[in-house]
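Asks: Have a look at this one.
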Amino acid sequence: MAAHDTVTGLDALELGPARDSGFADAARRVWRATWPKVLAIALVIGVWQIVVLAEWRPIFVLPAPLTVWEELVDVVPTGEFWDAVALTMGRAAYGFAIAVVIGMLIGVAVARFAPLRAAIGSLITGMQTMPSIVWFPFAILLFKLSEEAILFVVILGAAPAIANGLISGIDYVPPTWKRVGRVLGMRGFALYRHLIIPAALPSFVSGLKQGWAFAWRSLMAGELLVIVPGALSIGVRLQTARDLNDAPGLLAYIIIVLCVGIAVDVIFNVADKSLRRRWGMLQA
């Protein structure tokens, strides 16, 4: 018997209808999350072509979409391109994973201990609003031009958003749920592991999504400012294209950065909608 078939009575009313996990259903959900972004890209390309035809800037400064597309076709199949993508995405995944751990620890600690919230609650929000580029002079002073300097800023960019998302989710857990958990014998870590964290999950997922956005922006700024010798990342490719006045190559890599951001956003949106549907907060 499936797990959702064992949920009966009032518990069943708290959950949304169960969803088939087949490939066709997953493909439909991904398409529903993707097509508005595809339409937006098409509109941007149309406006871009109109601006090029109007000769607002010389063609060697602002090339046509077709020229950039040809550059993409030439660049994407190369091993150098995939090495750059692998390096950048590895940095992003590693930094974001550390930020998730730090953000969760800070979020739980601040939500649980009122004196700690009074001490650093506003500081976390203040750090979240700071532009990531502000940290780079200090990061370079601490770690020189190294991977650690980039990682330092990526973590500082993402962790406050993740912590705030978890804090907000924990704050909105109904007190009656906590009392029920204690009646059932949950204390300390078990209470958070089995009740509070799952209840805060929708807000936490939103915090993860926002944290990823901060991490990705911090990483792109870092790769442009902190050039690590021998590490030919996407940011280095962007800087090289700028130095060589290679407008098609520069725009091609900007589009690649945009596509990565859209792809990750689609994944987060699918996860968020699935979670909200399961909690009965979204129509099937």
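The values are calculated or read from the model by the stated rules, or taken from the named source; none is laboratory data. What you see is a predicted model; the values in this text were computed from it and never measured. Glycine gets a Cβ as well: all are built from the backbone with ideal geometry, and neighbour counts include every protein chain shown.
Asks: So which residues in region 224-247 are of a type in the set (Lys, Arg) and within 23 Å of residue 154 (Cα to Cα), if there are any at all?
Replies: 237, the sole residue that qualifies.
Asks: For residues that are in contact with a helix residue (DSSP H, G or I) (Cβ under 7 Å, 6 or more places away or on another chain), in contact (Cβ under 8 Å) with a residue 60 or more places away in the chain and part of a helix (DSSP H, G or I), tally how many sit in region 42-70.
Replies: 2
Asks: Among the residues of region 143-168, which ones are out of contact with any helix residue (DSSP H, G or I) (no Cβ under 7 Å at 6 or more places or on another chain) and either assigned to a helix (DSSP H, G or I) or touching a residue at least 24 places away in the same chain (Cβ under 8 Å) (or both)?
Replies: Scanning region 143-168 gives 145, 146, 147, 148.
Asks: Condition (residue is surrounded by fewer than 16 Cβ atoms within 10 Å (Cβ to Cβ), closer than 23 Å to residue 206 by Cβ and either modelled with pLDDT under 90 or of a type outside the set (A, V, I, L, M) (or both)) applied to region 80-88: is it met by at least one residue?
Replies: no
Asks: So, one more: Give me the pairs, please: first residue somewhere in region 79-108 and within 20 Å of residue 237 (Cβ to Cβ), second residue anywhere and of a type in the set (Asp, Glu) and part of a helix (DSSP H, G or I), beta-carbon distance under 7 Å, and either six or more positions apart or on two chains.
Replies: These pairs meet every condition: 88/223.
Asks: Kindly check whether there is at least one residue in region 120-127 that is over 23 Å from residue 219 (Cα atoms), among the hydroxyl-bearing types (Ser, Thr, Tyr) and out of contact with any helix residue (DSSP H, G or I) (no Cβ under 8 Å at 6 or more places or on another chain).
Replies: Looking for residues that are over 23 Å from residue 219 (Cα atoms), among the hydroxyl-bearing types (Ser, Thr, Tyr) and out of contact with any helix residue (DSSP H, G or I) (no Cβ under 8 Å at 6 or more places or on another chain), one finds at least one in region 120-127, hence yes.
Asks: For residue 120, state whether it is assigned to a helix (DSSP H, G or I) and closer than 30 Å to residue 251 by Cα.
Replies: no
Per-residue answers, yes or no, for (1) part of a helix (DSSP H, G or I); (2) in contact with a helix residue (DSSP H, G or I) (Cβ under 9 Å, 6 or more places away or on another chain); (3) at pLDDT 85 or above:
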residue: 210; (1), (2), (3): yes, yes, yes
residue: 218; (1), (2), (3): yes, yes, yes
residue: 235; (1), (2), (3): yes, yes, yes
residue: 238; (1), (2), (3): yes, yes, yes
residue: 266; (1), (2), (3): yes, yes, no
residue: 280; (1), (2), (3): no, yes, no
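Asks: Test each condition in (1) free of Cβ contacts under 8 Å to residues at least 12 places away in the same chain; (2) among the β-branched types (Val, Ile, Thr); (3) within 16 Å of residue 81 (Cβ to Cβ) for residue 267 and report the one that comes out false.
Replies: Condition not satisfied by residue 267: (3).
Asks: Which one is modelled with the highest pLDDT, of the residues in region 1-41 that are in a helix (DSSP H, G or I) and of a type in the set (Gly, Ala, Ser)?
Replies: Across region 1-41, the extreme among qualifying residues is 40.
Asks: In addition: I'd like to check something: does region 176-187 contain any residue that is charged (D, E, K, R) and under 24 Å from the mean Cα position of the chain (by Cα)?
Replies: No: region 176-187 contains no residue that is charged (D, E, K, R) and under 24 Å from the mean Cα position of the chain (by Cα).
Results for (1) modelled with pLDDT under 85; (2) surrounded by fewer than 19 Cβ atoms within 10 Å (Cβ to Cβ); (3) over 22 Å from residue 208 (Cα atoms); (4) of a type in the set (D, E, K, R), shown as yes or no for each residue.
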{"position": "112", "(1), (2), (3), (4)": "yes, yes, no, yes"}
{"position": "119", "(1), (2), (3), (4)": "yes, yes, yes, no"}
{"position": "137", "(1), (2), (3), (4)": "no, yes, yes, no"}
{"position": "150", "(1), (2), (3), (4)": "no, no, no, no"}
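Asks: Which of the residues belonging to region 161-198 are buried (at least 19 other Cβ atoms within 10 Å of the Cβ), modelled with pLDDT of 80 or more and of a type in the set (Gly, Ala, Ser)?
Replies: Result: 161, 163, 165, 169.
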